[in-house]
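J.: Structure below; questions to follow.
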Amino acid sequence: MATQFTIELWASIAPLYAEILDHPFVQGLISGKLSDSAFRFYVIQDALYLRDYARCLTIAAAKSPDDRWCEMFAEHAKGALVVERSLHESFFQDWGLSEADVYRSPLAPTNLAYTSYLLRVAYGSPFEELLGAVLPCYWIYWEVGKALQARGSANLTYQRWIDTYASEEFGTVVQQVLEVINQAVADLPESRRARVREHFLTTSRYEWLFWDAAYRQENWPV
């Protein structure tokens, strides 16, 4: 559950979160008018993203000072690869795409930049800073899922995506992480907390960029 530090984190990205909800990709999920090609681009890139995100969660498990947190992040890493892959594969099956087709796809520029940032923080920064970097992918997706579920989608495929991230099960996972980060930063000096905030803001910006890249079906220009 959010306490003072995570409340401060969310307040710091409130304008950015509003921009995410207003983005034509997200609005297109609600209206059902998002192009199939843009959603397909997004799902493929998200599958590629999750490989490195799961690695970051595994590193968070290894760096955890508490055995319970170690176990939790190890389970979350597995979930990113197994549970979310199951969602993706249901879409790939609908589209007639094989796993080989998906994983032959190149990382889009934004995806490469985002995952490179996450991995740099994972390998080079303390546990608390890594939490700040991985938190937006949990929290923003949950909030977006809930906001979109309240309105519903005219497209059954998009509704399936919305329901996954608005689910009680996913919400429980997010709340676990919020509790951990509040405990982890409790005794940190302000200088260390500032670094956590910085990573949280940066990866929140990457979340907006990720949806924008999918909407534009971003490719390498050269």
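J.: Any residue in the stretch 133-148 that is of a type outside the set (Gly, Ala, Ser), out of contact with any helix residue (DSSP H, G or I) (no Cβ under 8 Å at 6 or more places or on another chain), part of a helix (DSSP H, G or I) and surrounded by fewer than 20 Cβ atoms within 10 Å (Cβ to Cβ)?
T.: No, the stretch 133-148 contains no residue that is of a type outside the set (Gly, Ala, Ser), out of contact with any helix residue (DSSP H, G or I) (no Cβ under 8 Å at 6 or more places or on another chain), part of a helix (DSSP H, G or I) and surrounded by fewer than 20 Cβ atoms within 10 Å (Cβ to Cβ).
J.: If His199 passes every condition in (1) touching a residue at least 24 places away in the same chain (Cβ under 8 Å); (2) over 23 Å from Ala18 (Cβ atoms) but one, which one does it miss?
T.: Result: His199 fails condition (2) only.
J.: Which ones in the stretch 67-77 are within 18 Å of Thr164 (Cα to Cα) and without any contact (Cβ under 8 Å) to a residue 12 or more places away in the chain?
T.: Selection gives Glu75 alone.
J.: If Gln176 satisfies every condition in (1) part of a helix (DSSP H, G or I); (2) among the polar types (S, T, N, Q); (3) surrounded by fewer than 16 Cβ atoms within 10 Å (Cβ to Cβ) but one, which is the exception?
T.: (3)
J.: Scan the stretch 34-59 and report the pairs whose first residue is closer than 16 Å to Thr164 by Cβ and whose second residue is among the β-branched types (Val, Ile, Thr) and modelled with pLDDT under 95, with Cβ atoms within less than 9 Å and a gap of 6+ or a chain change.
T.: What qualifies is Phe39/Thr157; Val43/Val102; Ala47/Val102.
J.: Which of the helices (runs of 4 or more DSSP H) contained wholly in the stretch 1-105 include at least 1 residues that are closer than 18 Å to Leu148 by Cα?
T.: 14-22, 24-31, 36-63, 67-95
J.: Anything in the stretch 98-118 that is under 15 Å from Ala133 (Cβ atoms) and surrounded by fewer than 19 Cβ atoms within 10 Å (Cβ to Cβ)? List them, or say none. Talk me through it step by step, then tell me what you get.
T.: Initially, the stretch 98-118 is screened for residues under 15 Å from Ala133 (Cβ atoms), giving 113-118.
Within the stretch 98-118, Ala113, Ser116, Tyr117 qualify.
The values are calculated or read from the model by the stated rules, or taken from the named source; none is laboratory data. This structure is a prediction, so every number in the text was calculated from the model and none was measured. Heads up, the Cβs are rebuilt from the backbone with ideal geometry, glycines too, and the neighbour counts pull from every protein chain shown.
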